[in-house]
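In what follows, a structure is listed as structure tokens, so that the remarks can point back to it.
The values are calculated or read from the model by the stated rules, or taken from the named source; none is laboratory data. Given the structure is predicted, the values throughout are model-derived calculations rather than measurements. Note that we place each Cβ from the backbone using ideal geometry, even for glycine, and neighbour counts take in every protein chain shown.
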Amino acid sequence: MIKTNAEEIRAEFAPLYLRYSGQTNPQPAHIEIDPEEKTITAEANPEIGNAVPMNVWHGRAHRVNISPYYTGKQVAEILENVDFQNMVQRVFDGYSCAYDGGNHNGRLTDDAKAALEEMECFLQEMDQYLNVSDSGVSVCAPEDWFSELPDLAGKSDEELSLLADQFRTEAESDNVCIDGDILRFLKDRRDGI
């Protein structure tokens, strides 16, 4: 049985979208295949630049790229897809690990390597099939999304917090991820900043 983080991911609106302050683009997202733990995990790469964890560097885990613009439901469907899991199982079956005198390094059979390439193709085809740009997550800054705001003068921080939650829910119902602090945006508008 392959363990996934599908249930956790399914509950989130845009689980793979992560953009750090000061960065213009979101972090790349991937599905990590860990043959030793028999797990597949979808996540945004928390490292800026090309840094990878040691288990990936030494071939004990492998990553395939996935769009950061999928909804949680879409990512969960990919992780639970029978064809995708069959490719993952081929990686698990073709994995071995050996100590080289300095590190434990993972090795894959030719079929396991082919399965990783097939996963990349599968995900690219899935991007086209799901048409992520139409059915996935769109991203907007608060100032671009909220063109008309109610009168915020005299509103308490608590009232603004409730309003921010309401706006977030409305945006998500339109498949829009607000990339920024909605509450901070509302407070700044209230305070005339």
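Things worth noting here:
- Failed criterion for M87 (all others in (1) over 30 Å from C177 (Cα atoms); (2) surrounded by fewer than 19 Cβ atoms within 10 Å (Cβ to Cβ); (3) hydrophobic (A, V, I, L, M, F, W, C) hold): (2)
- Test result for G59, of a type in the set (G, A, S), over 26 Å from T109 (Cα atoms) and part of a loop (DSSP other than H, G, I, E, B): no
- Residues satisfying the stated conditions in the stretch 1-38, i.e. among the hydroxyl-bearing types (S, T, Y) and surrounded by 16 or more Cβ atoms within 10 Å (Cβ to Cβ): T4, Y17
- Filter result for Q89 (of a type outside the set (A, V, I, L, M), assigned to a helix (DSSP H, G or I), over 20 Å from I9 (Cα atoms) and free of Cβ contacts under 8 Å to residues at least 12 places away in the same chain): no
- Any hit, the stretch 108-120, residues being assigned to a helix (DSSP H, G or I) and closer than 27 Å to T24 by Cα: yes
- Considering the stretch 39-55, the residues that are buried (at least 16 other Cβ atoms within 10 Å of the Cβ) and of a type outside the set (S, T, N, Q) include one that is nearest to K3 (Cα to Cα), namely I40.
- Failed item, numbered, when F122 is tested on (1) of a type in the set (F, W, Y); (2) closer than 30 Å to A61 by Cβ; (3) touching a helix residue (DSSP H, G or I) at 6+ places or on another chain (Cβ under 8 Å); (4) at pLDDT below 90: (4)
- Exactly one residue out of T39, T71, T24, T109 is farther than 19 Å from N175 by Cα, in contact with a helix residue (DSSP H, G or I) (Cβ under 9 Å, 6 or more places away or on another chain), β-branched (V, I, T) and not assigned by TED's automatic domain parsing to the domain that holds G180, and it is T109.
- When the stretch 134-166 is filtered for residues that are touching a residue at least 24 places away in the same chain (Cβ under 8 Å) and under 26 Å from S67 (Cα atoms), the ones remaining, listed by number, are S135, G136, V137, S138, V139, C140, A141, P142, E143, W145, F146.
Yes/no per residue for (1) farther than 21 Å from D100 by Cβ; (2) of a type outside the set (D, E):
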{"position": "L16", "(1), (2)": "yes, yes"}
{"position": "G22", "(1), (2)": "yes, yes"}
{"position": "A29", "(1), (2)": "yes, yes"}
{"position": "E32", "(1), (2)": "yes, no"}
{"position": "A42", "(1), (2)": "yes, yes"}
{"position": "I48", "(1), (2)": "yes, yes"}
{"position": "V52", "(1), (2)": "no, yes"}
{"position": "H62", "(1), (2)": "no, yes"}
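- Qualifying residue in the stretch 154-168 (condition: among the acidic types (D, E), under 22 Å from E12 (Cβ atoms) and not in a helix (DSSP H, G or I)): no
- Selection within the stretch 41-74: residues that are of a type in the set (A, V, I, L, M) and within 13 Å of the chain's Cα centre (by Cα). The member of this set that is nearest to G180 (Cα to Cα) is A44.
- Filter result for the condition that a residue is part of a loop (DSSP other than H, G, I, E, B), more than 21 Å from A29 (Cα to Cα) and charged (D, E, K, R), over D151, D144: D151
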